[in-house]
Amino acid sequence: MKPLSNKEIAYLLYEISVFYTMKDVPFKPMAYERASDAIESLKESVRDIYERGGMKALEEIDGVGKGIAEHLENLLKTGRLPEYDHLKKEFPVEVHELSEVPGVGAQTIKTLWKKLGIKNVAELEKAAKEGLVSKIKGFGVKTEQKILEGIAFMRSSGGRHLLGAVLPEARALEDTIKKFSGVEDALVCGSVRRRRETIGDIDIIAIGTDAEKIMAQFVALPGVAHIYGQGATKTNIRFGNGIDADLRVVPKRSFGAAVNYFTGSKSHNIALREIAQEKGWKLNEYGLFKRQATRPNDLSRSVGRAGDKRQGEGWEFVAGKTEKELYEKLGLSYIEPELREMTGEIEAAREGKLPALVGYHDLKGDLQTQTDWTDGADSIEDMARAAHTAGLEYIVITDHTRSLAMTGGADEAKLHRQMKEIEKLNAKFSQLPSPRIQLLSGAEVNIKKDGSLDIDDETLATLDCVGAAVHSHFTLEKKEQTERVIRAMKNPHVDIIFHLTGRLINRRKPIELDIDEVIATAKRTGTVLEIDAFPDRLDLNDEYIRKCVNAGVKMSIDSDAHSTEHFAVLEYGIAQARRGWATKEDIINTLSAHDLLTKLKKPKELRWK
DNA sequence: GCCGTTTTCGGCCCGACTGTTTTCAGTCG
């Protein structure tokens with residue numbers, strides 16, 4: 001039996017939470033949901049945690065106490081969760097797919113089950129089309145229509161978009177909104193601002209005085225395909241390209257609080273609110289508030305339709321204009337958006353131990369680029385010029401090697417010819433005022449099934465910088481795959497392992513590796529692990545980067561450029577490195593060409609001491 | 001069910017929007 005992943009375990013707990021909501025059991029749903037969230041964001045597998053420290057270690061997981069720890073133990077030992085089975089028997093409904101329909105939550109699922117016996121989306125769609133849903137008390141024609149639209153939308157998009165696809169759109173949208181009449185400032189928040197690998201939707205906060213006028217301009221944008229909701233301060237739309245966007249308008253003094261709230265992550269926000277609460281304060285998207293001395297009770301919960309509430313009645317505004325002052329008032333140092341994932345950033349901020357993250361302008365070189373010598377689109381010279389325009393001082397030319405026949409991979413002779421060409425170009429550039437760019441020779445050497453390389457050591461020794469990568473046999477068993485990669489790392493001429501796991505986000509799974517053993521070998525041999533910045537690779541992921549940082553293993557951030565436009569993707573690699581808590585010192589291509597070459601001339605195992 | 005600088009009881013993040021119904025429940029982020 002395949003062991004359950006954290007995601008699957010988290011999902012079971014989430015379903016239990018929904019079941020208890022359906023049963024109207026108080027507080028248990030929240031407890032299960034919190035445990036579910038915590039487990040989903042764990043970096044270590046529940047199984048490993050249990051094997052490492054038993055029940056005690058399980059109970060140390062946020063939101064997991066004695067009860068849920070026992071469930072987990074049961075699940076790990078028997079593969080079953082009696083409480084879940086029991087609840088599922090009572091409500092034999094597909095919570096997973098039903099709750100993915102926008103607008104359908106626990107209470108709706110319960111009502112649909114009780115009144116119409118609906119168990120899944122197909123039955124819901126049928127019932128809605130027959131007009132049965134609108135006949136239920138509390139439901140109407142609009143709700144029924146919304147459910148049908150929700151099902152259609154769910155099918156049309158599904159899944160998350162790559163950061164690389166969304167970020168340019170988000171920036172363009174931000175610029176457009178900044179130019180709206182009545183808008184003073186705007187900022188993209190949400191998972192885009194945290195630079196997650198994949199993005200659900202675009203969240204934008206704007207400061208403005210006439211919110212309704214701003215919303216009217218927003219929904220009138222070209223490309224708007226659907227309006228989910230339009231209110232006085234919050235509007236939610238979908239563009240024709242399948243990307244959803246939320247716009248929220250707030251007063252100027254609340255900009256920082258709103259930006260913080262809508263940047264997330266959700267669990268980070270909850271932690272901040274709890275810190276505020278501990279101090280007897282209140283944190284929401286309008287600011288940080290403390291109770292007014294003369295008004296002991298919270299009067300802000302006045303009745304009336306949403307939007308009529310008078311914010312802050314009985315509460316005194318403490319902070320909210322900037323995020324920095326919010327964190328400061330809460331006794332924390334400022335936390336960069338890329339770190340707000342509840343992986344220890346709150347504790348580090350409290351103790352002033354947050355890392356100085358590698359900056360978006362810190363890269364001086366790019367150690368993986370392909371040219372028209374193999375499967376790249378442009379010449380070495382054009383790539384050099386483009387790299388210079390992108391602000392780089394040097395690039396390594398790393399065309400594919402011979403086993404990759406489909407790319408016209410280079411053999412030893414071709415590599416030697418290319419080295420001559422690089423020399424010639426360097427001589428030419430040194431005569432010109434521009435571009436000031438240095439070319440280094442290299443290769444993306446293929447790691448064969450047994451871990452040997454497809455270029456001889458003599459040739460590798462003459463190259464400035466050698467990367468090796470897996471391009472085949474992606475499905476080897478973990479042990480064999482790990483040994484294969486480790487053998488390549490032990491080659492004294494292999495400076496870097498490119499895109500270690502070979503994953504393609506949403507398309508190809510990562511190869512199976514014992515990551516701790518790989519990282520330990522990288523440390524011992526002085527092999528650098530690359531963060532491939534291409535949007536569908538982002539390989540290493542943030543978790544592995546953090547492991548490298550902690551182990552003192554050096555990394556590079558490379559574009560994997562196959563054309564002159566691709567140097568722009570370096571930004572995504574830097575974002576990924578920041579999400580993995582990497583500093584400038586962890587990334588070797590923040591060094592100058594001279595310093596890097598000096599390092600590369602030393603024996604591998606002594607280089608990074 | 002979880003949790004503790006009000007720690008073994010008694011709380012549990014917070015607000016906007018929609019639909020449906022006259023004061024609120026449900027969903028979402």
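Residue count for region A:428-450 under the criterion of being among the hydrophobic types (A, V, I, L, M, F, W, C) and in contact with a Lys or Arg (Cβ under 8 Å, 6 or more places away or on another chain): the result is 3. Taking the criterion of being touching a Phe, Trp or Tyr at 6+ places or on another chain (Cβ under 7 Å) and basic (Lys, Arg), the residues of region A:318-359 that qualify are A:321, A:324. Annotation note: of A:525, A:521, the sole residue that is touching a Lys or Arg at 6+ places or on another chain (Cβ under 8 Å), within 20 Å of residue A:601 (Cβ to Cβ) and not acidic (Asp, Glu) is A:525. Checking each residue in region A:24-59 for being modelled with pLDDT of 85 or more, more than 10 Å from DNA strand B (Cβ to nearest atom), basic (Lys, Arg) and farther than 16 Å from residue A:75 by Cβ picks out A:52, A:56. Taking the criterion of being part of a helix (DSSP H, G or I) and either under 18 Å from residue A:334 (Cα atoms) or more than 8 Å from DNA strand B (Cβ to nearest atom) (or both), the residues of region A:275-287 that qualify are A:275, A:276. Tell me, which residue of region A:90-125 that is assigned to a helix (DSSP H, G or I) and surrounded by fewer than 14 Cβ atoms within 10 Å (Cβ to Cβ) is nearest to DNA strand B (Cβ to nearest atom)? The extreme case among them is A:107. Is it the case that region A:394-413 has a residue that's within 18 Å of residue A:570 (Cα to Cα), touching a Cys at 6+ places or on another chain (Cβ under 7 Å) and not in a loop (DSSP other than H, G, I, E, B)? Within region A:394-413, one or more residues are within 18 Å of residue A:570 (Cα to Cα), touching a Cys at 6+ places or on another chain (Cβ under 7 Å) and not in a loop (DSSP other than H, G, I, E, B). Test residue A:150 against the stated conditions and say whether it is part of a helix (DSSP H, G or I), touching a Pro at 6+ places or on another chain (Cβ under 6 Å), within 30 Å of residue A:194 (Cα to Cα) and more than 12 Å from DNA strand B (Cβ to nearest atom). No, not satisfied.
For the residues A:413, A:384, the requirement of being of a type in the set (Gly, Ala, Ser), closer than 22 Å to residue A:495 by Cα and surrounded by fewer than 23 Cβ atoms within 10 Å (Cβ to Cβ) singles out A:413. Looking at region A:61-79, is at least one residue within 11 Å of DNA strand B (Cβ to nearest atom) and at positive phi? Yes, region A:61-79 contains a residue that is within 11 Å of DNA strand B (Cβ to nearest atom) and at positive phi. Against the definition (part of a loop (DSSP other than H, G, I, E, B) and either out of contact with any Lys or Arg (no Cβ under 6 Å at 6 or more places or on another chain) or crowded, with 17+ Cβ neighbours inside 10 Å (or both)), how does residue A:62 come out, yes or no? Yes: the conditions hold for residue A:62.
Of all residue pairs spaced 6 or more apart or on separate chains, those with beta-carbon atoms under 7 Å, a first member in region A:13-33 that is closer than 13 Å to residue A:68 by Cβ and part of a helix (DSSP H, G or I) and a second member that is near DNA strand B (Cβ under 9 Å from one of its atoms) and of a type in the set (D, E, K, R) are A:14/A:33; A:16/A:83; A:17/A:33; A:20/A:28.
The values are calculated or read from the model by the stated rules, or taken from the named source; none is laboratory data. Computed from a prediction, not measured in an experiment: that's the story for all the values here. With ideal geometry, Cβ positions are generated from the backbone for all residues, glycine too; neighbour counts draw on all protein chains shown.
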